[in-house]
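Only the coordinates and a few stated rules stand behind these numbers; no lab work does. In this text the structure is predicted, and so the values were computed from the model without any measurement. For neighbour counting, all protein chains shown are included, and Cβ atoms are generated from backbone atoms with ideal geometry for every residue, glycine included.
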Amino acid sequence: METWRIFCFCGCAGTPSGGKLAYMWEDERETILRKGSVVITVSVLPGRSKTQARGVLTDGTVKIEVAAQPEKGKANDKLSEYLADAFSVPVAHVRILSGAHGRKKQIKITL
């Protein structure tokens, strides 16, 4: 099992970035590029005022607030757009593997 170190550049830790969140992997970046994809676990908090990451839980789950209601897939669409932007990939490269109708999701991002 690989350990992923996630760094948040959203301004929440005093890092200026204009409020934009991007997740970057340090040493593992080469592994991601070599394998071509990564699977992350996210905990989604829908119906918030803006879409943003709120931190990483002790089990490695990334907690993300989503500015969309959990109806007719709107929150999932917003989450996919957000992650695609954060990883600089097309939205079509972000796929929900499990948890499409729940708050905890397994997301596969193909680079």
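Among residues other than Lys108 with Cβ under 13 Å from its Cβ, the summed charge is +3 (Lys and Arg +1, Asp and Glu -1). Relative to its Kirkwood radius, the Cα radius of gyration of segment 29-88 gives an Rg/Rh of 1.02. The local environment of Val91, defined by Cβ-Cβ distances under 15 Å, has a net charge of +1 under the rule Lys, Arg +1 and Asp, Glu -1. Under the criterion of Cα pairs below 8 Å and six or more residues apart, the relative contact order for segment 36-105 equals 29 percent.
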